[in-house]
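What follows is a short report on a single structure.
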């Protein structure tokens, strides 16, 4: 399998980034929901630090994915796909990118405007050049606590669309991001 995308399928780089980010996002959603039910204390602080560290990795991977997408050919939609489906697919993909970046950036802003550096696996911390500010802290916290719902909703639409293409339309949309396109079809 080629590292670069072709006109018919995604290359190994895009596939690896897609699936690593997918795993990361689901882990982040799980950890975020776990935190929500915890009382303040060392266990919650430890989970928050881990959540933030994983989020920094996902942010890096998302940035690489977006740059890779701009630098690479994007496989064409399957022949015969309705215009509304092509538009919907583009809208959902770019919506996911936007919502995930909002989510990933609002987290560190919440931490930084709360007067703390952003920790990375207890190896080092990143101090963002923003002032501690309670109003800004609450603003970013509200965004962070809401944006994950948009991410989750868009992911559900994305997954349902992929399953619809695979099982109902029986095209290669899922295969081109997983095992590869069957050239004999």
Identified option (computed percent of Cα pairs over 23 Å apart; candidates [x] 58; [y] 48; [z] 41): [y]
Selected from 52, 114, 41 as most flexible by GNM, with the chain as the system and alpha-carbon contacts under 10 Å: 41
Shape verdict for segment 1-60, please, from the Cα gyration tensor: rounded (a/c under 1.5), prolate (a/b greater than b/c) or oblate. prolate
What shape does segment 126-185 take by its C-alpha gyration tensor, where a ≥ b ≥ c are the square roots of the eigenvalues and a/c under 1.5 counts as rounded, a/b above b/c as prolate, and the rest as oblate? oblate
Comparing 115, 11, 37, which has the greatest mean-square fluctuation in the GNM of the chain with Cα pairs linked when under 10 Å apart? 37
Quick check of the Kirkwood formula: for segment 44-113, what is the inverse mean of 1/r over all pairs of different Cα atoms, in Å? 14.3
Out of 58, 151, 74, a Gaussian network model of the chain with alpha-carbon springs under 10 Å gives the largest mean-square fluctuation to 74
Whole Å is fine, so just give me how far the alpha carbon centre of segment 139-185 lies from that of segment 1-72. 15
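Each reported figure results from applying straightforward, stated rules to the coordinates on display, with no laboratory input. A quick note: this is a predicted structure, and the numbers were derived from the prediction, not measured.
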